[in-house]
Amino acid sequence: MVARDEPIAFVLPAFPGKSPNRRKTLSYLPDLAERLALQELSEMCEAIGRIYAPGAVVHVCSDGYVFSDLVHIPDAHVREYTDELESWSGELYPRRFVYFDLKDAYPALPDLDRMREVLTQEYGEPVEALSAQVKADPAANAMYRGITRFLYEDYKGMSAFADLSNTAIQKKARATAYRVIQRSNAWSSLLAKRYPRAVRLSIHPQGPDSTKFGIKLVPCLDIWRTPWHSVAVKRDGQVFLERRADVEAGACRLMFRDGRPCHFIDF
């Protein structure tokens, strides 16, 4: 890209939609946590622009529709969430962000269920192959365990699973985790084909031999937490991401913006 005097193109699969577990999040709409993440990405582009005139652009490739049915986020909520992010980006950071999702990948297909089906058919690996990889590869196993944990936590906080035992929820989370990985990998393969020369960013830590660059969306955190599994908390002049239930257990005040919950202030 530099040789061609082009803007540096970053691809970031992220911003899928807020977790439906309200013990983690305030609502299904973006809030201060997402605003800060967009600001961080914009500042990265600005820093590049100071030393490289063509600058940089972030292609936000939202994976919300890719597995919304598996994580029990209504597609309508994904749409409202991503629409608002796109509106914020255009207003606050013009020409810094481009948005792309499953609807853009398969515009000729009739509905999202068919899009998910075709994505899996074209780019997905068999679940049996993923299971074998998880058993043989420590890194794949760690990812599987992490996704299982997230699903278990989210399912436990949803009314749809209120009648299930912890064992039953854990069993469902383990089975669903393979399908989440399957579709996530399929989405990554589709993006690699669509953006063959772009720099691939990831919201997960990456090793030095990885083809991806890990990026913290809220850099002051010691852990890699995402806005869509958290709430924003202003504390001692900084903003942190934490679980809603943990914040509400302390002496924090809920703040509103445009008439809806936005973040907490810790006094």
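The values are calculated or read from the model by the stated rules, or taken from the named source; none is laboratory data. Predicted model, so just to flag it, every value in this text is computed and none were measured. Glycine also receives a Cβ, built like all others from the backbone with ideal geometry; neighbour counts cover every protein chain displayed. Accessible surface is based on the protein model in full, side chains and every heavy atom, while ligands, DNA and RNA are left aside. Shrake-Rupley method; radii C 1.70, N 1.55, O 1.52, S 1.80 Å.
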| request: Specify the residue that is nearest to residue 119 (Cα to Cα); the eligible residues are those in region 167-188 that are without any contact (Cβ under 8 Å) to a residue 40 or more places away in the chain and open to solvent by 80 Å² or more (accessible area, probe 1.4 Å). | output: 174
| Going through region 100-138 one residue at a time, which ones are of a type in the set (D, E, K, R) and touching a strand residue (DSSP E or B) at 6+ places or on another chain (Cβ under 8 Å)? | 101
| task | Collect the residues in region 37-55 that are surrounded by fewer than 21 Cβ atoms within 10 Å (Cβ to Cβ) and of a type in the set (Gly, Ala, Ser), keeping them in residue-number order. | result | 42, 47, 49, 53, 55
| query | With respect to the numbered conditions (1) modelled with pLDDT under 90; (2) part of a strand (DSSP E or B), which one is the sole condition not fulfilled by residue 209? | reply | (2)
| field | Subset tally (residues that are at pLDDT 95 or above and open to solvent by 40 Å² or more (accessible area, probe 1.4 Å)) for region 7-22 | value | 1
| task | Filter region 146-166 down to the residues that are outside any helix (DSSP H, G or I) and open to solvent by 50 Å² or more (accessible area, probe 1.4 Å), then identify the one that is nearest to residue 21 (Cα to Cα). | result | 162
| said: Checking the condition outside any helix (DSSP H, G or I) and under 20 Å from residue 101 (Cα atoms), which residue from 254, 241, 191, 201 passes? | reply: 201
| task | Take region 39-58 and flag every residue that is closer than 26 Å to residue 147 by Cβ and out of contact with any Leu (no Cβ under 7 Å at 6 or more places or on another chain). | result | 41
| query | Within region 89-110, is even one residue free of Cβ contacts under 8 Å to residues at least 40 places away in the same chain, on the phi > 0 side of the Ramachandran plot and open to solvent by 70 Å² or more (accessible area, probe 1.4 Å)? | reply | yes
| If you check residue 162 against the conditions, is it farther than 16 Å from residue 69 by Cβ, more than 20 Å from the chain's Cα centre (by Cα), modelled with pLDDT of 95 or more and of a type in the set (A, V, I, L, M)? | no
| task | Go through 82, 25 for me and flag whichever is more than 20 Å from residue 184 (Cα to Cα), surrounded by 19 or more Cβ atoms within 10 Å (Cβ to Cβ) and either hydroxyl-bearing (Ser, Thr, Tyr) or without any contact (Cβ under 8 Å) to a residue 12 or more places away in the chain (or both). | result | 25
